[in-house]
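Heads up, the thing below is written out as structure tokens.
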Amino acid sequence: MCGIVGYIGPRDATPIILNGLKRLEYRGYDSAGLAVLTERGVQLRRAVGKLHRLQALVEAQPLSGHVGIGHTRWATHGEPSQRNAHPHVSDRGQVVVVHNGIVENFLALRDELAAEGAHFRSETDSEVIAHLIERFLSRETGLVEAVRQTLQLLEGSNAVVVMSALEPDKIVAARLGNAGGIVVGLGEDEMLVASDLPAILEHTRRVAFLEPRQMVVVQRDAVHLMDLDGNPQPLQPTVVPWDPVAAEKGEYRHFMQKEIHEQVRGLTDTIAGRVDFEGGKIYLDTLNLTPELARRVRKIFITACGTAYHAGLVGKTLLERIARVPVEVMVASEFRYADPLVGPDDVVLAISQSGETADTLAAMEEGRRKGATLWSIVNAIGSQAMRIAQGYISMQVGPEIGVASTKAYTAPLVDLYMLAVLLGDLRGTLPAAERRRLVADLRLVPYLVSQVLEREEEVIAVARQLKDVRSCLYIGRGINMATAYEGALKLKEISYIHAEGYPAGEMKHGPIALLDEETPVIALAPRDPWYEKMVSQVEQAKARGAPVVAVVTEGDTLIPPLADAVLWVPPTPWLLSPVVTVVPLQMLAYHIAAMRGLDVDQPRNLAKSVTVE
Ligand code: AGP
């Protein structure tokens, strides 16, 4: 969704802001703009479309200064247009605002301001914020107080960053809820403000995150944090371990391709430091899982969206089979309104790459309200889902930039596997010999994934055959049913080809009617406990004339003669097989989308972190 960058310091703000916005492109946007405090006052540049248009505008009409704020907008109120792009300026030009989120009561506020004589130049909800601040701003009140008073009036979940020519020594930023975070980058004699880390990492790794209902006054050499009543709050800077190079494309054509290949390293880091191979033990310190809690847990509710939800479905099998704990998996947008039967002896486990997904955070709040223990598996360091949980597992995969999630899918699968082993151990439901075997199997995972990646050319050949199809069905059973869902999601979100994931056994109850020579079936049929069932599913699909692409284990001799194309995976312990079987599907979706000439990293209508409901 929207991205925000602000800079104050001795350097020219314009290139720093433009570069920061570039690094937030992955979030998804349809217009962009920036405002810089120049010698001639605040100057604005805004453009519809991708950032190169804004860049061209800035080259044609340069602006430079030492304080500025920028924004990439994902339209919610009003079409993507220059006048709806941020920043927005108040009537007398004293206040400049960028905003992320939705001002839910903006209609009432706009009517009130219009009645007082304010002129609105955009259709956005955001513009009311600039007018309101200017309404409160006077020599006595000052910018900080005017922003504070304005924030009291805003309903909804919002992040706001403000500057004013009247007080050129500061930027004021605030976070009102879960819609978009605010992070302050603490540099040497310079400061940055952003919605996300990648925008500032190349300047500093020392950062401080705002909690909801906090605001911050950022000056070149000082940062003052406060709550919305103006009470000072302690600033708690952390040093982010992410390497800024991790947010570069490097030799790859797209971030998604790079991130698919980074899975070997990501999975190695996921396991490192958490597994004692000699003792056959798992350590997940940040989860705060005591033996008492492990024994007390009645049920685990996994809640998440999209790809993270699919990881949760695999997690159900892992936790139930290994730890023998009942698990329910629910899409977060449903969980939050379902009045789920959650109680104090239950755990609500959220999975989220961004840690800022509005539905997932709301589901966590619902769990907290009902007295459950809150856990999360999160990638974005310092994100809300990490901070509000009582315990968390951090994915060790570095920033994921491509909108289509890849490495942030396989890492939580391994995290859930490790959690299942640890829980089973602490609950006494997992015999020691079995535990040692499961832990030993983990060592293989990065290598097995690397084996699949080496077969990329074979995947490209299949992509060539499928790139023009109109519709595809992905089928799987048991632990790889979720792999079918995930494979279909990957294809549809970046190639715009219709794709459905289905439990293979359900085909005869309806979807089989769709099959013909033009509707390929992608069958997940590795050597797992459901393999024999999948052989007959493949036969049924072939009998209806559908071309079949089968994901099968090396050495398989039954399915390849039936299939039109084969994607091989190495023999893998079945509880870990989803980590491996999804990789050819990620590559397949990637190459099909790239062959269709599409914007793989920023597919239409999608945003990397979905901070609105
Ligand atoms: C994945 O490819 C999707 N773009 C999307 O489904 C994503 O997984 C979902 O929006 C959840 O995001 P989160 O992990 O950041 O919470």
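Please work out if LEU419 is open to solvent by 20 Å² or more (accessible area, probe 1.4 Å), more than 14 Å from the ligand (Cβ to nearest atom) and assigned to a helix (DSSP H, G or I).
Against the criterion (open to solvent by 20 Å² or more (accessible area, probe 1.4 Å), more than 14 Å from the ligand (Cβ to nearest atom) and assigned to a helix (DSSP H, G or I)), LEU419 does not qualify.
HIS99 - would you say it is touching a residue at least 60 places away in the same chain (Cβ under 8 Å), within 20 Å of GLU167 (Cα to Cα) and of a type outside the set (A, V, I, L, M)?
Criteria met by HIS99.
Looking at region 365-376, which of its residues are in a strand (DSSP E or B) and either touching a Phe, Trp or Tyr at 6+ places or on another chain (Cβ under 7 Å) or not assigned by TED's automatic domain parsing to the domain that holds PRO340 (or both)?
Scanning region 365-376 gives TRP375, SER376.
Output the qualifying pairs, or none if there are none: Cβ atoms under 8 angstrom, residues six or more apart or on different chains, first residue in region 126-154 and without any contact (Cβ under 8 Å) to a residue 12 or more places away in the chain, second residue assigned to a helix (DSSP H, G or I).
From residues that are without any contact (Cβ under 8 Å) to a residue 12 or more places away in the chain, the pairs are SER138/ALA146; THR141/GLN149.
How many residues does region 386-400 contain that are more than 22 Å from ARG265 (Cβ to Cβ) and either within 11 Å of the chain's Cα centre (by Cα) or assigned to a loop (DSSP other than H, G, I, E, B) (or both)?
Residues that pass the stated criteria total 2.
Which ones in region 324-336 are open to solvent by 20 Å² or more (accessible area, probe 1.4 Å) and within 15 Å of the ligand (Cβ to nearest atom)?
Result: VAL329, MET330, VAL331, SER333, GLU334, ARG336.
Looking only at region 92-117, which residues are open to solvent by 50 Å² or more (accessible area, probe 1.4 Å) and either of a type in the set (Asp, Glu) or touching a strand residue (DSSP E or B) at 6+ places or on another chain (Cβ under 8 Å) (or both)?
GLU104, ASP111, GLU112, GLU116, listed by residue number.
Condition first: out of contact with any Gly (no Cβ under 7 Å at 6 or more places or on another chain) and among the polar types (S, T, N, Q). Can you find one or more residues in region 109-124 that meet it?
So far as region 109-124 goes, no, none of its residues is out of contact with any Gly (no Cβ under 7 Å at 6 or more places or on another chain) and among the polar types (S, T, N, Q).
Taking the conditions exactly as written (assigned to a helix (DSSP H, G or I), in the same structural domain as GLN263 (by TED's automatic domain parsing), within 15 Å of the ligand (Cβ to nearest atom) and more than 28 Å from VAL207 (Cα to Cα)), does LEU413 satisfy them or not?
yes
Being closer than 23 Å to ASP528 by Cα, more than 16 Å from the ligand (Cβ to nearest atom) and open to solvent by less than 80 Å² (accessible area, probe 1.4 Å) is true for just one of GLY510, GLY501, GLY505, GLY487. Which residue is that?
Only one candidate passes the filter, namely GLY505.
Take region 383-398 and flag every residue that is away from the ligand (no atom under 12 Å from the Cβ) and open to solvent by less than 10 Å² (accessible area, probe 1.4 Å).
Matches in region 383-398: GLY391, ILE393.
How many residues, within region 399-410, are among the charged types (D, E, K, R) and either near the ligand (Cβ under 10 Å from one of its atoms) or open to solvent by 10 Å² or more (accessible area, probe 1.4 Å) (or both)?
Total meeting the criteria: 1.
Go through region 292-339 and give me each residue that's more than 24 Å from TYR474 (Cα to Cα), part of a helix (DSSP H, G or I) and modelled with pLDDT of 95 or more.
Scanning region 292-339 gives GLU292, LEU293, ALA294, ARG295, ARG296, LEU319, GLU320, ARG321, ILE322, ALA323.
Among VAL314, VAL378, which is without any contact (Cβ under 8 Å) to a residue 40 or more places away in the chain, of a type in the set (Val, Ile, Thr) and within 16 Å of the ligand (Cβ to nearest atom)?
VAL378
Do we find that GLY402 is over 20 Å from LEU284 (Cβ atoms) and in contact with a Pro (Cβ under 6 Å, 6 or more places away or on another chain) in this structure?
no
Taking VAL569 as the residue in question, decide whether it is at pLDDT 95 or above, among the aliphatic types (A, V, I, L, M) and under 24 Å from the mean Cα position of the chain (by Cα).
no
Quick check on this structure: which one of LEU21, LEU37 is in contact with a helix residue (DSSP H, G or I) (Cβ under 7 Å, 6 or more places away or on another chain) and at negative phi?
Sole residue among the options that is in contact with a helix residue (DSSP H, G or I) (Cβ under 7 Å, 6 or more places away or on another chain) and at negative phi: LEU21.
Quick one: which of ARG296, ARG321, ARG368 is more than 15 Å from the ligand (Cβ to nearest atom), touching a residue at least 12 places away in the same chain (Cβ under 8 Å), open to solvent by 10 Å² or more (accessible area, probe 1.4 Å) and under 24 Å from THR238 (Cβ atoms)?
Just one listed residue meets the conditions, ARG368.
If the requirement is being open to solvent by 30 Å² or more (accessible area, probe 1.4 Å) and either within 16 Å of the ligand (Cβ to nearest atom) or out of contact with any Cys (no Cβ under 9 Å at 6 or more places or on another chain) (or both), which of these qualifies: ASP346, ASP359, ASP339?
Result: ASP339 is the single residue among ASP346, ASP359, ASP339 that is open to solvent by 30 Å² or more (accessible area, probe 1.4 Å) and either within 16 Å of the ligand (Cβ to nearest atom) or out of contact with any Cys (no Cβ under 9 Å at 6 or more places or on another chain) (or both).
Only one of VAL449, VAL521, VAL459, VAL469 is open to solvent by 20 Å² or more (accessible area, probe 1.4 Å) and either within 27 Å of GLN602 (Cβ to Cβ) or free of Cβ contacts under 8 Å to residues at least 60 places away in the same chain (or both); which?
Residue meeting the stated conditions: VAL469.
The values are calculated or read from the model by the stated rules, or taken from the named source; none is laboratory data. The model shown is predicted, which means the values in this text are computed figures rather than measured ones. Virtual Cβ from ideal backbone geometry, glycine too; neighbours counted across all protein chains shown. For the accessible areas, the whole protein counts, side chains as well, though only heavy atoms, and no ligand, DNA or RNA atoms are used. Shrake-Rupley method; radii C 1.70, N 1.55, O 1.52, S 1.80 Å.
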